[in-house]
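Working notes, beginning with the structure itself.
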Amino acid sequence: MTGTFAHIRRLARHPSGLFGLLLLAAIILMSVSAGWIFPEGPWAMVGPTRLHPGVDPRFPLGTDTYGRDIVSAIFYGARVSLFVGIASAAIALIVGIVVGAIAGYFGGKVDDALMRLTDAFQTIPNFLLSIAIVGIIGASLPTITFAISIVAWPIIARLVRADVLRLRTYDFVQSCKIIGMSDMRIVFQQILPNCMAPIIVTTSVLVANAIIVEASLAFLGLGDPNVMSWGTLLNVGRQQLRTEAYITIVPAVALVLTVLALNLIGDALNDVLNPRLKERT
Amino acid sequence: MTQTSGPITGNGTKKAGPFAALSSPLGRYILRRLVQALLVMVLVMVGSFFLMKLAPGDFVDVLAGTRDLTAEQTAELRARYGLDQPLVIQLVRYMGLLATFDFGYSPINAAPVTDVILARLPVTAILVVASVSLSMVIGTLFGIAAARNAGKPVDLGISIFMLLLYATPSFIVAIMLILVFGLKLGLMPIAGYESVGMGYTGWQHIWDVTRHLTLPVVALCTFYIAIYGRIGRASMLEVMRLDFVRTARAKGISEGRVFYVHALRNALLPLITMAGLQVSSLVGGAVLIETVFGLPGMGRTAYDAVLQRDTNLLLGVIFTSSLAVVTVNFVIDMLYMVLDPRVNLK
Amino acid sequence: MSKSFEMNRRGFLGSLAAAGLVPAGMVASGPALAQDAGGILRTPFWPAPTYLNSAISTSGPESFLSPKFYDGLLGYESGMVPKPSLATAWEISEDGLTVTFTLREGVTWHDGEPFTSHDVAFTFMEVLKVHHGRGVNTFANLTSVDTPDDYTAVFNLSKPSPAMMRALDSRECPILPAHLYEGTDIMENPVNTAPVGTGPFKLESYEIGSAVVMVPYEDYWDEGYPLLDRFIVQFVPDPATRAAMLESGQTDAIFLGMIPTQEILRIAEMDGFEMTTTGFEAMPSGLQLEFNLENEILANKLVRQAIAHAIDTNWILENVFYGMGQTGASPLHYDQRPFYTTEGVPSYPFDLAKANELLDEAGYPRGEGDMRFKLMLDPSPWGTESINSSAYIREVLRQVGIDVEVRQQDFAVFVTTVWTERKHDLVLYTATMGVDPTIGVHRFYLSSNFQPGTGFSNGAHYDNPEVDELLNAASIEMDEEARIAQYAEFQQIAYEDLPIVKMVDIAAAPTLASTRVHDFAPDALGALGSLKQTWVEQ
Amino acid sequence: MSLNTGSEPPILQIDKLRIGQGTKAPIVEQMSLEVRRGETVGLVGESGCGKSLTALSVMGLLAGNLKVVGGTIRLGGEEIQGLSQRKLRRLRGEKMGMIFQEPLTALNPVMTIGAQIAEMVRAHRDVSRKAAHERALELLRLVKIPDPEERLGEYPHQMSGGMRQRVVIAMAIACNPALLIADEPTTALDVTVQAQILELLASLQREENLGLLMITHDLDVVRLVADRIVVMYAGSVVEEGAVEAVLDNPRHPYTLGLISARPTGSFAAGAPRLADIRGSVPAPEDRPAGCVFRDRCPYAQEVCATTRPMLETGQGGHAVRCHFPVDRQTDAPKELAQ
């Protein structure tokens, strides 16, 4: 893509986009620094149990039922949320782009078959499928990531397919064919770079969505018990909502802010990357 | 399904209204859609079947665990439900039954799957219909209000509100609703879809159900209100920039008419597509809401069916919800043809 | 609490006469009807039942619901002292091989048919011995039931079965109507979900997975009972929601620990609610950590003892169970009187230094990353106790150099992984210890019960002939003193060998109810009984 | 083609109009223009010079945060600045109508042709649904659409571009306005259709005695239909006058450039073939001081950089805004010649 840097600059000048970027940067910083700010890890039972926020300055957000520091849990949780969000979006992107590109470029029976498959994935209740996969295979980070991405790729596939369908009739594609360029090269070097804008925008939504689904799974008790995620904290906190509401509220706020940041960035990207809207004033 | 196999727009040269006689193009289109839908359903069912069957453990393991069954008893159960047969034979048997709309028996509920689904369907149907229509109406109204006041504080306020709704997962909304309206204020019942065993009838019953379902519907709605609001606003602003709106204004008709007659109808089209997507995601999303609000709906039933390896029941639920999704998408396509005269059959 | 209990008791006695006068027809007239000894009781429960009959399924919901519809031969007062129910008298022969029950006359089924000894014989021989999970073992020695007349049932045993006499209540062994079951496929008989019993309540409506509504059976043999006009059980999956329902007055009582412990304790403190832990001796349960002895590392007794030392069971009791119970100290549950003992039973106090020492001694020095070895921990997926405890256990074991990974799977996978495929190292689960050790505890320790494929069998693959001998003797010993001695020795040996470390003996599941609800825990069965004496102020 | 010299005020009179966007540099400034009844005025200039904005400001349809920030716009002598939206709305359609460039998108795709025309009639005339329908039919006949009864029930996408433009015209004249503004009405159409539409516009203008403001970048169109021409550059008028006078004897270098840039070259026989004007129209904030055209002007001198030339009216109302107007007879610019 040309002018990526210019896009980022424009994004930074977009007020809500900037706010989103700053929020996301803070969350990334949290996840990166978790290791050295809290070297003992999020599971260490470092304080008295169920300490409310603001009581002990060592634990500004209090401790949970195990006496674990909630700040530490939020920091480590950011890691999990970002990992699941980014990893599952990446998988969905790869699968979606490949399926969409093949379907759109080759058309015909291949397209028909792939689109029926896509339909099937969009027809089956998505969250249910994720639950089933995690429930059956077992709640671990890779499984959760897989379960989220397997229902997310069809959106990308449709997007890419539509764009490829449109672009493959263009002259530049035709001339590539004439000079004998291979199908793969045409698709990946010539066509795909031309339909990146909507994909990039959708990706920010995918990441946000994946973070919500991970938290929802953890809320149902289908989180990876070996990693501290915001959903885990929510699930624990839910049991003591009436007595220690902060255990629920703190991760809920973290979750909402992260999703908010990603959506703000997505909206801003949409404004920046969508030339159609840009031209009209 | 709308996107691929749906109608395409084009500059029709034929002089024909959307429903100009149920001539062969429409007939052929419907037939093609039906074949596609059937294919998709078969894919969904076979896929789900294998997902359940390849999972470690079957429902006899679950029963054995909860009932302290002995090895002989479990073997007897497996034979009784044909679980000792090869997978392919199980699949063929199941698909054979399904072809006659027989969903089989749910060993976990000791009842035919059809009975279980029929018992669950009303709750979920009310939830889905109520939240789709409510979120669509409220969301669109917000979207319109924001678009009409684009750039003003009202727009900013609505946009921020929509973003917050959009970013807050439904289960968090549900917890908060229970906390505030159920416990702190004590205004609303917290669980179930009616006051069980109270024998309410007529209006009393309807009022009772309404009270019970208000919070769940609101919790299911918020996210979609935000979506409709955002799409509505964007779509409205987009349409308001189009030439025909300027033409309408140049005609000297009232701004209200420009907005509500000319722009709105065009702006609504993407919202209708959204409704189709919403229906398909609601059954899944309902798992959380039905869990939190203790509603005996399809979502929670499906979830329990997965945990208990009640393959027949899960497949029955998936079949029902997929059928609903396919039907809704079909209806939406038809609706499109009515609402947008440009839509033409492929 | 005991004081108010006394008052309730008096109130209920005083109202008995009035209750007897209420014509059955008025009962159905709905919520407007209010009197002292009646009322509507609403309670949430989870999971939803498969059947409404605990003779063919022993899982929780069936155990709770079935006793409302069906009676057993006996009931049990606190301390598991038998009392009459369908049997008015019983006699055990000297050799312990014959038990004669005299049955109550004039009892009818909900469909009006009379109850006879034939029903008893049929139920035990055709249903409980065949389809009841525990019944197969409990009644293994029952060879036949003779019915000399309609009101006498004679149980013939091949060996004495002391545990059997503790298992004859309505929950464990409900008596089914032979005239509706005989000659049918018992597992698919429609009566399984439309019960016809002799019990105090009959079914008014059952919405699968949603709710059960019960009304009094007008011809119930115990005249004047039940007191409730209506008994509504609603199936609600989320524990926090169930708690909120109680708090907001949408339900009247919570039985069997259906809400999180800390919520029970919190709400019990509020005005208008009271809690009791009496009753439920019929179902003592515990949280136990079982080692897979087929694992090379865990086969080493020192390692098992080190792990026992590394875990502060008191922490789990306080933070996971909120003090509702006792720390585990023996294979038996403290409520399994008079057999439970800690005398001479080895104990493993929390001591990280000692744990480290034992692990070093066992030949597992700390290596890479300060870790000695890696283990997988499978917590049971039901409830939250195992899962919450597993997070703690992983953390403390990490401190003594054991790298533990928690594997969380759903029920079916959990059971398959541990008891069928045996791919586990450590398994942490809550289990019922049974009304008698023979029923609930033997299964974990008998070498003959190492049966891959059968859940909750001897999953450790523990094999000690000495223990086998003791347990087999205890199961047929009619002399209580001798049995006590046998079990004492068993507890000493088994806790030295340590195939299983008991984390917590869970206190009888508390009942939490609005103060309007009275007499909800009258005997050893508590809510697992009929609740026919319970009533609600309207 | 009569030059109206009566005392009746011009139907449209724009004076020193400034259109701006917030605090940014004005996009249109010093814009003055008159259209009289029965007269066709061609407004020409490159895209982006402010022609359409000027037209839209007359209609009161400036979009977004564009605003008239100075000058006056009189319609039939009446100032329309500061009129309430309601009054302005009444003027639109009743006193003035507008035709847009893109007939394919100018009509609402989900309403029938008949409904869109009838709506216009009913917005301004207190008539029954039936009467509005009748009027719509009459208008379709007037704009020479064949089978008008059938067409009324059709949707825009069922018609060709030319037909749709006729519908737009029908709507614009539905309430007999005195002023018709046509913004590039033929640009999007096929050449053959262009001629038909122009002819239709010309005949309507004659029959209804309309004042017609024809915005176009096509000088041939102007020559064909206009009485007077106004040339705009970078937000203001640079030259105006009778069509023949300006086109045959352009005095502003920009007009000259426009004429030369046409594929067929100059209108005047024997005029030298001139190159394209170099560069492009500067954005409002990049407009140079002094004469706005000087960056692109081959004749620019020092004074052009400092002093902005005034619009000087010469013979026969031929006005030009230039320090050094071109005189073809005397000093044809060497630099422009190739």
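Every residue, every condition in (1) more than 14 Å from chain D (Cβ to nearest Cβ); (2) over 19 Å from the mean Cα position of the chain (by Cα); (3) modelled with pLDDT under 90, yes or no:
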residue	(1), (2), (3)
B:VAL196	yes, yes, yes
B:TYR200	yes, yes, yes
B:ARG211	yes, yes, no
B:ILE225	yes, no, no
B:ALA234	yes, yes, yes
B:ALA250	no, yes, yes
Select from the stretch C:239-256 the residues that are at the interface with another protein chain (Cβ under 7 Å from one of its Cβ atoms), touching a residue at least 60 places away in the same chain (Cβ under 8 Å) and in a loop (DSSP other than H, G, I, E, B) and list them in ascending order. C:GLN250
Can you name the residue in the stretch B:148-163 that is closer than 15 Å to B:ILE225 by Cα, touching a residue at least 12 places away in the same chain (Cβ under 8 Å) and not hydroxyl-bearing (Ser, Thr, Tyr) and, of all such residues, is farthest from the other protein chains (Cβ to nearest Cβ)? B:ILE158
Look through the stretch B:55-84, keep the residues that are under 35 Å from the mean Cα position of the chain (by Cα) and away from chain C (no Cβ under 12 Å), and return whichever of them is farthest from A:GLY135 (Cα to Cα). B:GLY82
For D:SER128, the lone unmet condition from (1) within 12 Å of chain B (Cβ to nearest Cβ); (2) at pLDDT 90 or above is (1)
Would you tally the residues in the stretch C:174-199 being within 14 Å of chain B (Cβ to nearest Cβ), part of a loop (DSSP other than H, G, I, E, B) and touching a residue at least 60 places away in the same chain (Cβ under 8 Å)? 3
Selected residue (only one of D:VAL41, D:VAL69 is among the β-branched types (Val, Ile, Thr), in a strand (DSSP E or B) and over 19 Å from the mean Cα position of the chain (by Cα)): D:VAL69
Residues in the stretch C:290-306: is at least one more than 14 Å from chain A (Cβ to nearest Cβ), surrounded by 21 or more Cβ atoms within 10 Å (Cβ to Cβ), over 22 Å from C:VAL441 (Cα atoms) and of a type outside the set (S, T, N, Q)? yes
So which strands (runs of 3 or more DSSP E) stay within the stretch C:39-104 end to end and still have 3 or more residues that are crowded, with 22+ Cβ neighbours inside 10 Å and within 14 Å of chain B (Cβ to nearest Cβ)? C:40-45
Specify the residue that is nearest to C:ARG372 (Cα to Cα); the eligible residues are those in the stretch C:303-320 that are touching a strand residue (DSSP E or B) at 6+ places or on another chain (Cβ under 7 Å) and polar (S, T, N, Q). C:THR313
Per the filter on the stretch D:71-92, residues at pLDDT 85 or above and at positive phi are D:GLY71, D:GLY76, D:GLY77
Can you tell me which residue in the stretch D:72-92 is nearest to the other protein chains (Cβ to nearest Cβ), limited to those that are assigned to a strand (DSSP E or B) and over 12 Å from D:MET59 (Cα atoms)? D:GLU78
Helices (runs of 4 or more DSSP H) within the stretch A:91-191 that include 1 or more residues under 20 Å from the mean Cα position of the chain (by Cα): A:108-123, A:126-137, A:141-167
Regarding B:ILE253, is this residue in a loop (DSSP other than H, G, I, E, B) and among the β-branched types (Val, Ile, Thr)? yes
Selection count, the stretch D:94-125, where residues are over 12 Å from D:VAL168 (Cα atoms), facing chain B (nearest Cβ under 7 Å) and in contact (Cβ under 8 Å) with a residue 40 or more places away in the chain: 4
Does at least one position in the stretch B:212-233 carry a residue that is within 26 Å of C:PRO239 (Cα to Cα), surrounded by fewer than 22 Cβ atoms within 10 Å (Cβ to Cβ), out of contact with any helix residue (DSSP H, G or I) (no Cβ under 7 Å at 6 or more places or on another chain) and without any contact (Cβ under 8 Å) to a residue 60 or more places away in the chain? yes
Given the condition away from every other protein chain (no Cβ under 11 Å), without any contact (Cβ under 8 Å) to a residue 60 or more places away in the chain and either among the aromatic types (Phe, Trp, Tyr) or in contact with a Pro (Cβ under 6 Å, 6 or more places away or on another chain) (or both), answer yes or no: does some residue in the stretch B:257-264 qualify? yes
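Yes or no, residue by residue, for (1) of a type outside the set (D, E, K, R); (2) more than 25 Å from the chain's Cα centre (by Cα); (3) under 30 Å from C:LEU471 (Cα atoms):
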site: C:THR341; (1), (2), (3): yes, no, yes
site: C:GLY344; (1), (2), (3): yes, yes, yes
site: C:TYR348; (1), (2), (3): yes, yes, yes
site: C:LEU352; (1), (2), (3): yes, yes, no
site: C:ASN356; (1), (2), (3): yes, yes, no
site: C:GLU361; (1), (2), (3): no, yes, no
site: C:GLY367; (1), (2), (3): yes, yes, no
site: C:ALA391; (1), (2), (3): yes, yes, no
site: C:PHE414; (1), (2), (3): yes, no, yes
Here's a check for you: in the stretch C:212-223, which residue that is farther than 19 Å from C:PRO190 by Cβ and outside any loop (DSSP other than H, G, I, E, B) is nearest to the other protein chains (Cβ to nearest Cβ)? C:VAL215
I'd like to verify a number: residues in the stretch B:122-178 that are among the aromatic types (Phe, Trp, Tyr) and surrounded by fewer than 21 Cβ atoms within 10 Å (Cβ to Cβ), how many? 1
Residue check, B:GLY284 against (1) more than 11 Å from every other protein chain (Cβ to nearest Cβ); (2) crowded, with 19+ Cβ neighbours inside 10 Å, all met but one. Which one? (1)
Identify, by number, the condition in (1) away from every other protein chain (no Cβ under 14 Å); (2) outside any helix (DSSP H, G or I); (3) crowded, with 19+ Cβ neighbours inside 10 Å that B:ILE108 doesn't meet. (1)
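Every residue, every condition in (1) surrounded by fewer than 21 Cβ atoms within 10 Å (Cβ to Cβ); (2) outside the structural domain of B:VAL154 (by TED's automatic domain parsing); (3) under 18 Å from the mean Cα position of the chain (by Cα); (4) not aliphatic (A, V, I, L, M), yes or no:
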site: B:LYS184; (1), (2), (3), (4): yes, no, no, yes
site: B:PRO189; (1), (2), (3), (4): no, no, no, yes
site: B:TYR193; (1), (2), (3), (4): no, no, no, yes
site: B:LEU237; (1), (2), (3), (4): yes, no, no, no
site: B:PHE244; (1), (2), (3), (4): no, no, no, yes
site: B:GLY256; (1), (2), (3), (4): yes, no, no, yes
site: B:VAL261; (1), (2), (3), (4): yes, no, no, no
site: B:PRO270; (1), (2), (3), (4): yes, no, yes, yes
Looking only at the stretch A:226-236, which residues are surrounded by fewer than 23 Cβ atoms within 10 Å (Cβ to Cβ) and either closer than 10 Å to A:THR65 by Cα or touching an Asp or Glu at 6+ places or on another chain (Cβ under 7 Å) (or both)? A:ASN226
Spot the failing condition for C:ALA488; the list is (1) farther than 24 Å from C:ASP312 by Cα; (2) assigned to a loop (DSSP other than H, G, I, E, B); (3) in contact with a Ser or Thr (Cβ under 8 Å, 6 or more places away or on another chain), and only one is missed. (2)
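The values are calculated or read from the model by the stated rules, or taken from the named source; none is laboratory data. These numbers were taken from a predicted model, which means no experiment stands behind them. All Cβ positions, glycine included, derive from the backbone under ideal geometry; neighbour counts span all protein chains shown.
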